[in-house]
Structures are given as C-alpha cells and as structure tokens.
Amino acid sequence: MIEELQIGEKRFLLLGTAHISQESITEVIQAIEAHRPDSVCVELCQARFDSIKHPDHWKQMDVVRVVKEGKSGLLMANLVLSSFQKKMGDQLGVKPGAEMVAAVEAAEKIGAQVVLADRSVSVTLKRCWGRLGFFEKAKALAHLFSEGLSAPEITPEEIEALKQTDVLSEAISSLAKELPGVKEVLIDERDQYLAAKIKQAPGATVLAVVGAGHLAGILSWMEKEVDLEPLDQLPPPSRWVNLLKYGFPGLVLALFAYGFTFIDSQTSFEMAKRWFLANGILAGLGAALAGGHILTILVAFLAAPFTSLNPAIAAGWVSGLTEAWVRKPKVADFENLPQDITSLKGFWSNEITRILLVVVFSNLGSSLGSLIGIPLLAALL
C-alpha cells in the first residue's frame, strides 16, 4: 500500500515494506515502474547500503583496527542485529534489505536519482547507547543477544502481517517497552530524519521505500520543519561516565597513598594484592568465558589491575589485541562470519567475533573487579 501526499508542487509516494518479504520486493519494483519518480529514497545509510550491496565486505574488515579504535561494542551490536534479520530472512529465502537493493536497481533502470535517506547507523547506535544508564545498558545487551541469536520460526503469512510494523521495528518495540529511550532514538528520531531527507529529495515526484513501522511517523513529520543538525550530533560523555572514568582511579590511588603514608608497608602491600587479584581474576575469567587463548587470559589477568587505573586504556583492548595476535583470523573466519553470527556457538567459534567477545568480557570483568576492589581496600584502613 502506498501513502500519497502533495506538498507544494511536489508529490510524495511512501511505500511501507517488510524488510525480509519477497512480496515487498515485487511491490517496490512495480511501484517504481508504474510511477516513474524523479527520485527514489531508501531507508539506508551509506554504511548499510554498502554492506547489503557488497555482501563480501566482511573480508575487508581490519579487526585489529576495530579493537584499537574502541569500536568493538559498536561492531558487536551491528552483528547481533544483522544476525536477527539474517535468520528471519533465511526462513523465507530473502536477504535482509533485498527490497531496498531492488528499489535502487529499479531507480537506476529508469534514470531516477537514488537518495540514501537514513541516518548513519553508527550515529544512531551511539546516540542510543548514550541515552542508557549502566543497568539499562546491561539490560539492552541481554535483550539484543536473546533476540538476535534466537529468532523464532515464522511463516510467510506472519511476515506479510508484519507489514503493519516491519520485522526490525517489531524487535525494537519489544525492547522499547522496558527502555523507552531506545525507541525514541531508533524509531522516533529516525522518523524525523527520514521525513526531512525525503522532503529534500530532488524532482517533482519522489517515491520513498521505508519499513512499514516508520510509515505513520514519517507521515506525521512530512509537513513539519525538521532540524537535522541535532539529530546527527553524538551525545557528549555523561557526567557520571567522566566521574567514574577519572574518579575511580583517583579514589584507588588516594587509598593507596593513605595506606602507604599513614599506616604501614604491610597494609599497603595487602591493598595492592587485593586490588591486583580482584581486577586480574575477574578480567581473566571474562577472557576465559569468551573462549580466549591461555595467553590472552594471562594478559587480561596481568593488564587489568593497571589499565583499571588508566582512563585511556581498557583491559579488553589489551586482551583483544593479544587474542588477535595469537589467533589471527583466517580467510574462513571472514567467509563464515555471516552464518556464524546467527548462533551462540558460531559467535564463540569464529575468531573474529571471539576477539570482540574477549574485549567485551575482559572489560566487564575488570569493571566488576574495580567495584569489588574499592571496598576491599577500604576495609584495611
């Protein structure tokens, strides 16, 4: 079904689709051929378009660079979302985003201009992450993994019923019930963004292909002014994040200084031992749970007590780079990645995702070690 509206001298046609529906692909092609628009807008950013258009893009990924730039969590979230859509698409023999690719190809065939109308996925995820508190982030990660790695069986009839919301929006909606800030960034903000980009598309007739879950929201914004600049801004670091980032190490060093100056050397030695073991054991355990090499586990154990006192370095970065050095990803890891991300076993067996898991779990272990370590130190004073 196409929603049509006239704004000034421009005619807009909005086609809502299910992202993994064969029927949606047919509808998109027929709509473009029938209306022959001047522009075709698709619900993709450049990064998502490239990943769909070039399915072998995984083979070009530099996982070491990802770890060094601190983007492991962002890549992990992208992989889990990709896993959810891929498993749903595999059940019906349709690649996720295939209707968007069909729209681009049909637009090029008639000479229409293609407009990538969605906000950068990295900006969206970073804005979403910035809205969440510590416990909300933990809840969001748990939900992502449970949804992304255990998509239920679904029939073609149910897929077409999802045109009322589209499959990805449906998954997000269930998360939004517990975390309203997630829906605001992933759905509401993007409705505004998509509406503004569609309105800016050149030509007298513009056809937009969007997920059905965005259709009502986009229509509500089409005749309103939208300022894109604030929607593209990355959130500043939280005061609490900065306080924890610099306050924790400062507090620990202050406790060490107090023990060394006002008590005795034996107490200072015991404080250092407790801090080392609390951080080291839990960071090493995190690396072990991720399936890290024995050398990776040892490095996590040795590095965490020191990196936890340095805001510029994370234990997971050190252990992740060690894992990448000890077990360099092979060609097969890159080739199998799209399939491996669809199961827990695959996540742990593929060396690329195992490196990411080492980073995340080592950091988590070190953070827990710091939380436990401070009261252990204070108890000696």
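The values are calculated or read from the model by the stated rules, or taken from the named source; none is laboratory data. No experiment lies behind these values; they were computed from the predicted model shown. Here the Cβ positions follow ideal geometry from the backbone for every residue, glycine too, while neighbour counts run over all protein chains shown.
Please state which one of Leu132, Leu144 is at pLDDT 70 or above and hydrophobic (A, V, I, L, M, F, W, C).
Leu132
Being touching a residue at least 40 places away in the same chain (Cβ under 8 Å), outside any loop (DSSP other than H, G, I, E, B), closer than 30 Å to Ile263 by Cβ and in the same structural domain as Gly259 (by TED's automatic domain parsing) is the requirement here; does Gly369 meet it?
Values: touching a residue at least 40 places away in the same chain (Cβ under 8 Å): yes; outside any loop (DSSP other than H, G, I, E, B): yes; closer than 30 Å to Ile263 by Cβ: yes; in the same structural domain as Gly259 (by TED's automatic domain parsing): yes.
For Gly369, the condition - touching a residue at least 40 places away in the same chain (Cβ under 8 Å), outside any loop (DSSP other than H, G, I, E, B), closer than 30 Å to Ile263 by Cβ and in the same structural domain as Gly259 (by TED's automatic domain parsing) - is met.
Just give me the residues in the range 196-228 being free of Cβ contacts under 8 Å to residues at least 60 places away in the same chain and closer than 15 Å to Glu4 by Cβ, in sequence order.
If the condition is that a residue be free of Cβ contacts under 8 Å to residues at least 60 places away in the same chain and closer than 15 Å to Glu4 by Cβ, then Ala216 is the only one that fits.
So which residues in the range 3-40 are in a strand (DSSP E or B) and surrounded by 15 or more Cβ atoms within 10 Å (Cβ to Cβ), if there are any at all? Break it down into steps so the answer makes sense when it comes.
Start the filter on the range 3-40 by keeping residues that are in a strand (DSSP E or B), which leaves 3-7, 10-17, 39-40.
Once the filter is applied, which keeps residues that are in a strand (DSSP E or B) and surrounded by 15 or more Cβ atoms within 10 Å (Cβ to Cβ), the range 3-40 yields Glu3, Lys10, Arg11, Phe12, Leu13, Leu14, Leu15, Gly16, Thr17, Ser39, Val40.
For the range 195-214, give me each residue that is in a helix (DSSP H, G or I), among the hydrophobic types (A, V, I, L, M, F, W, C) and modelled with pLDDT of 95 or more.
Result: Ala195, Ala196, Ile198.
Somewhere in the range 336-347, is a residue basic (Lys, Arg), assigned to a helix (DSSP H, G or I) and without any contact (Cβ under 8 Å) to a residue 24 or more places away in the chain?
For the range 336-347, residues basic (Lys, Arg), assigned to a helix (DSSP H, G or I) and without any contact (Cβ under 8 Å) to a residue 24 or more places away in the chain: present.
Condition test on Gly316, is it of a type in the set (Gly, Ala, Ser) and in a loop (DSSP other than H, G, I, E, B)? Working first, answer last.
Details: of a type in the set (Gly, Ala, Ser): yes; in a loop (DSSP other than H, G, I, E, B): no.
Spelling it out, it is not the case that Gly316 is of a type in the set (Gly, Ala, Ser) and in a loop (DSSP other than H, G, I, E, B).
With the checklist (1) exposed (fewer than 13 other Cβ atoms within 10 Å of the Cβ); (2) touching a strand residue (DSSP E or B) at 6+ places or on another chain (Cβ under 9 Å); (3) aliphatic (A, V, I, L, M) in hand, flag the one item Ala257 doesn't pass.
Unmet for Ala257, out of (1) exposed (fewer than 13 other Cβ atoms within 10 Å of the Cβ); (2) touching a strand residue (DSSP E or B) at 6+ places or on another chain (Cβ under 9 Å); (3) aliphatic (A, V, I, L, M): (2).
Condition check: closer than 24 Å to Gly247 by Cβ and crowded, with 21+ Cβ neighbours inside 10 Å. Does Ala304 satisfy that?
Yes; evaluated as a whole, the condition is true for this residue.
Scan the range 1-19 residue by residue and report those that are of a type outside the set (A, V, I, L, M, F, W, C) and under 12 Å from Glu43 (Cβ atoms).
Across the range 1-19, the qualifying residues are Gly16, Thr17, His19.
If you check Thr322, Thr342, which single one turns out to be among the β-branched types (Val, Ile, Thr) and at pLDDT 90 or above?
Thr322
Filter the range 266-314 down to the residues that are modelled with pLDDT under 90 and either under 28 Å from the mean Cα position of the chain (by Cα) or not assigned by TED's automatic domain parsing to the domain that holds Gly247 (or both) and list them by number.
Within the range 266-314, Ser308, Leu309, Asn310, Pro311, Ala312, Ile313, Ala314 meet the criteria.
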